[in-house]
Amino acid sequence: MKSSLSNIASVSVALCVSLASISVHAASADSSRIINGTESVKGDWPFMTAIITKGKTASRGQFCGGSFIGGRYVLTASHCVNHRSPDDIEVSVGIHDLSNEDTEGQRVGVQAIYMHEDYDAELTDNDIAIIELDQAITATSIPLASNTLVDSLETSNPDLTVMGWGNLSTTSTVYPNVLYQVDVPYVDRSTCQNIGGDYSTVGEDAICAGYAEGGKDSCQGDSGGPLLYNDNGTYKQVGIVSWGDGCAQPNAYGVYTNVGYFNQGWIAQHTDGVSYTQNKYFINSDEEQYTLQFPVRNYSTESFDITNITLPAGFTLTENTCTSTLAENDSCQLTVQVDVATATASPSYSSSTSATSNGTTVTTETKRSTISVTTDHSQSPELEMNTSFITTSSSAATTTTTSSKSSGGASLGLGLFAVFAFISRRRKVSRYA
């Protein structure tokens, strides 16, 4: 949380990186994490999950946390997986010491990523995501708290437990491989909002925890990991590490996604066994045409039909094998031809964001087109399949503006990864590795 971006001037080099090799957030921020906590006891948190850059060891590639919630699903933060494809990452469920992955945890591939449809990277709202594994696994899962339980914390302000891997200091870099944890008290929403600034907008989708005087906290690299409440001897997940103004600073609580707010609604819908590709990203592409496949798989016990497919401008359906009922373990595929010029001229959504650091202004423009697929499945009546065309450009700035709240810049050398990290964090510091 302490360092500002560096090396963005190198972005022009990174723009040549192919989509297959892009890992937009990997190692783009100073990886400070649990502050003034203690080493966890091996085996205490068997649901704890390390999110790892594919192709790297756990000790070198872990960049966010998550929690195994059963079957083939891991719960994490949207900002951990924003602009990532399933091929970019793997997870290790139940690992304690990142240097012992040969004997600890289950290393599993990722089949799909579901970010909240209303996730706002600028405001850090709805900062929740589901990682769908490429296979169901047998492991201890963490129960999720109900909204009623989370609401009850407002009156008792109990201690909560948060955990993660990473730097044990706010002033230097001490990165342990073993899992650390710290207890922090729940803070009622009005007290959190009264700090002002970014905290004034903390809504029902988030909760706060920490000490008014600071000293103990989660931090960058803990992002996506669980915040737990001991409910009469049973630990339940009440939060997901999201953001904060610095780490363990006075009058700057940690902010966590409110799990209870999304339980039985959004979480249930995205863990019901209907599998699909939510997001495809093309960064600085110079291709005029693409042929894209969107598979749909049914891992639920409920059979369903695809009843309608709505295509955006520039998309042509060239093959559809989803014309019959999908029973359990059935799959089908939509194949589309994309005319990029038409799609980007009339996108379903577009945005443009600029950020300035170290004398360089980086502008990122996103144009997203959405295929809407309607089904008669009771939990997943509509599947949104997005294709985003992202362009970045850099220019010399006459002044340099580096927010004290931004994270990033840990010697990437190639700055493309840092572009998205900086833009999405320039108001709030997400707790990201």
How many residues does region 200-231 hold that are open to solvent by 30 Å² or more (accessible area, probe 1.4 Å) and closer than 21 Å to Leu75 by Cβ? 4
If we scan region 41-62, do we find a residue that is more than 23 Å from Ser300 (Cα to Cα), outside the structural domain of Arg368 (by the TED database), of a type in the set (Phe, Trp, Tyr) and not in a loop (DSSP other than H, G, I, E, B)? no
I need every pair where a residue in region 299-310 that is open to solvent by 70 Å² or more (accessible area, probe 1.4 Å) has its Cβ under 8 Å from the Cβ of a residue that is part of a loop (DSSP other than H, G, I, E, B), sequence separation at least 6 or different chains. Thr301/Gly273; Thr301/Glu328; Thr307/Asp376
Return the residue satisfying two criteria in turn: it lies in region 329-361 and is among the β-branched types (Val, Ile, Thr) and touching a Gly at 6+ places or on another chain (Cβ under 8 Å), and of such residues it is nearest to Glu288 (Cα to Cα). Val340
Contact list please: Cβ distance under 7 Å, first residue in region 320-344 and touching a residue at least 24 places away in the same chain (Cβ under 8 Å) and part of a loop (DSSP other than H, G, I, E, B), second residue β-branched (Val, Ile, Thr) and surrounded by 12 or more Cβ atoms within 10 Å (Cβ to Cβ), pairs at least six apart or on different chains. Cys322/Val296; Cys322/Ile306
Just checking, does region 418-428 include any residue being of a type outside the set (Asp, Glu), closer than 30 Å to Val274 by Cα and modelled with pLDDT of 80 or more? no
Under the condition of being acidic (Asp, Glu) and farther than 29 Å from Thr342 by Cα, which residue from region 281-307 is farthest from the chain's Cα centre (by Cα)? Asp305
Exactly one of these conditions fails for Thr148: (1) under 22 Å from the mean Cα position of the chain (by Cα); (2) closer than 26 Å to Gln264 by Cα. Give me its number. (1)
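Any idea which residue in region 123-138 is modelled with the lowest pLDDT, counting only those that are open to solvent by 10 Å² or more (accessible area, probe 1.4 Å) and closer than 20 Å to Ile240 by Cα?
In the first step, residues of region 123-138 are kept if they are open to solvent by 10 Å² or more (accessible area, probe 1.4 Å); the result is 123-126, 134-138.
Checking which are closer than 20 Å to Ile240 by Cα leaves us with 123-126.
Numbers: Leu123: 89, Thr124: 93, Asp125: 96, Asn126: 98.
Among those residues, the one meeting the criterion is Leu123.
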Out of (1) farther than 22 Å from Ala129 by Cα; (2) crowded, with 20+ Cβ neighbours inside 10 Å, the odd one out for Gly197 is which? (2)
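Quick one: would you say Thr316 is over 24 Å from Phe282 (Cβ atoms) and in a strand (DSSP E or B)?
On the way: over 24 Å from Phe282 (Cβ atoms): no; in a strand (DSSP E or B): yes.
It is false that Thr316 is over 24 Å from Phe282 (Cβ atoms) and in a strand (DSSP E or B).
The values are calculated or read from the model by the stated rules, or taken from the named source; none is laboratory data. Quick caveat, the model's predicted, so the values are computed rather than measured. Note that we place each Cβ from the backbone using ideal geometry, even for glycine, and neighbour counts take in every protein chain shown. For accessibility, only protein heavy atoms count, side chains too; no ligands or nucleic acids. Shrake-Rupley method; radii C 1.70, N 1.55, O 1.52, S 1.80 Å.
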